[in-house]
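One structure is given below, encoded as structure tokens.
The values are calculated or read from the model by the stated rules, or taken from the named source; none is laboratory data. Every value quoted in this text rests on a predicted model; they were computed, and no experiment measured them. Note: ideal-geometry Cβ built from the backbone for every residue, glycine included; neighbour counts use all protein chains shown.
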Amino acid sequence: MSSNTFGKLLSVTTFGESHGPAIGCVIDGCPPGIAIAPEDFRHDLARRATGRTRHTSQRHEADEVEILSGVYEGVTTGTPIALLIRNTDQRSKDYANIAAQFRPGHADYTYWQKYGIRDPRGGGRSSARETTMRVAAGVIAKKWLAERHGVRIQGWLSQIGDITPHGSDLSVVEDNPFFWPDPRQLTELELYMDALRKSGDSVGARVDVIAEGLPPGWGEPIYGKLDGELAAALMSINAVKGVEIGDGFASVAQKGSQHRDHIGPAGFASNHAGGILGGISTGQPLHCSVAFKPTSSLRLPVDSLDVNGNVVEVVTTGRHDPCVGIRATPICEAMVALVLMDQALRHRAQCGDVGEMAPRVPGGNSAQGLLSPAGKGGTSAGKR
């Protein structure tokens, strides 16, 4: 298998290359009746787009979505949804000098070893341009999750290089090009990125995503764990080198008495687990963090090999992000949304009537919402 598809009941297949005529995706398993129009995609695609500020790649793409199938009279029909975006601002000549060279830190070498051929223009299939279609598919998933279950998903940049937020006001994240939760640091970030860009170097970043409003019960206990599938989906994003759920690697230094989340009549006292226990959602906010490596496309020279095994000096020209994490927030949001929608549909298929069969657990209103199976009480989802 070529593995260009992810998801089970909701599956997404992407296609296209960075400098090809178009990129696209097919979304299969989407329920009927969701209102979708081309303009619905513009907001999130603009958030992901290059060229918004001087701190990202200056490639300017129109990113206009064409809906080719699966939508009739403005609503989804339940049949496969095909979306297409034409590439309009390629500059393939920028890659002529490295067509036969392996750029360190890139997929050039591994694609060559796997396929015996590669498209060097902008990285071809390995380019982050492919994530445009993930964001487009995520728009539909976000809409369905919000309308059907009241789930809200928000991401933000939680670290650039060694800079971390001094505060956390998520209401201001959309008001700045860094998706940064502390507006007092924007000047510091501007100066940092200006200096980085002038030096010709790059830096990594960390993106956090939180999903609120999930009912308990989504996810499967072994091979379909919610956290396992989130990790796989987020790791599939270009340049991602690590994923954490909840406290993640900080759990290593914690004692069990500290890490376990106490449960009382009012609910959970903490959320070190990140909203997932045993691979299944707890009903708490789901929290995950994603680590992005520094961009490898640099104008700073580096030694490497060409396809004939000769030592060469590689200098990458063209338009590249000094920090790919700046544009990654909507991509991470989209992948979380797609995983959650797939898991919601799978839960509905197998366990949608659990709330109807199970007896109510005696107790007050606060305990009722916590203890009742999904589909009963204040956290109903299974009957929808």
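What the table shows:
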{"quantity": "Some residue of the range 259-275 being surrounded by 20 or more Cβ atoms within 10 Å (Cβ to Cβ), closer than 29 Å to SER127 by Cβ and more than 13 Å from the chain's Cα centre (by Cα)", "calculated": "no"}
{"quantity": "Given (1) under 30 Å from SER127 (Cα atoms); (2) surrounded by fewer than 22 Cβ atoms within 10 Å (Cβ to Cβ); (3) β-branched (Val, Ile, Thr), number of the condition VAL252 does not satisfy", "calculated": "(1)"}
{"quantity": "So VAL354, is it buried (at least 16 other Cβ atoms within 10 Å of the Cβ), aliphatic (A, V, I, L, M), within 30 Å of VAL290 (Cα to Cα) and modelled with pLDDT of 60 or more", "calculated": "no"}
{"quantity": "Test: LYS143 is surrounded by fewer than 21 Cβ atoms within 10 Å (Cβ to Cβ) and closer than 21 Å to SER11 by Cβ", "calculated": "yes"}
{"quantity": "HIS166, sole failed condition from (1) closer than 25 Å to HIS106 by Cα; (2) loosely packed, with under 14 Cβ neighbours inside 10 Å", "calculated": "(1)"}
{"quantity": "Count of the range 186-225 residues which are hydroxyl-bearing (Ser, Thr, Tyr) and either within 25 Å of HIS106 (Cβ to Cβ) or touching a residue at least 24 places away in the same chain (Cβ under 8 Å) (or both)", "calculated": "3"}
{"quantity": "Residues that are touching a Pro at 6+ places or on another chain (Cβ under 8 Å) and at pLDDT 95 or above, drawn from the range 175-202", "calculated": "TRP180, PRO181, ASP182, GLN185"}
{"quantity": "Count - residues of the range 9-19 that are within 16 Å of TRP144 (Cβ to Cβ) and not in a strand (DSSP E or B)", "calculated": "2"}
{"quantity": "Condition check for SER158: of a type outside the set (D, E, K, R), under 15 Å from GLU333 (Cβ atoms) and either crowded, with 22+ Cβ neighbours inside 10 Å or touching a residue at least 60 places away in the same chain (Cβ under 8 Å) (or both)", "calculated": "yes"}
{"quantity": "Any hit, the range 120-132, residues being farther than 24 Å from SER3 by Cα and either surrounded by 20 or more Cβ atoms within 10 Å (Cβ to Cβ) or free of Cβ contacts under 8 Å to residues at least 24 places away in the same chain (or both)", "calculated": "no"}
{"quantity": "Candidate set from the range 18-34 (those that are farther than 12 Å from GLY78 by Cα and over 19 Å from the mean Cα position of the chain (by Cα)); member that is surrounded by the most Cβ atoms within 10 Å (Cβ to Cβ)", "calculated": "HIS19"}
{"quantity": "Which listed residue, of PRO183, PRO177, is out of contact with any strand residue (DSSP E or B) (no Cβ under 8 Å at 6 or more places or on another chain) and touching a residue at least 24 places away in the same chain (Cβ under 8 Å)", "calculated": "PRO177"}
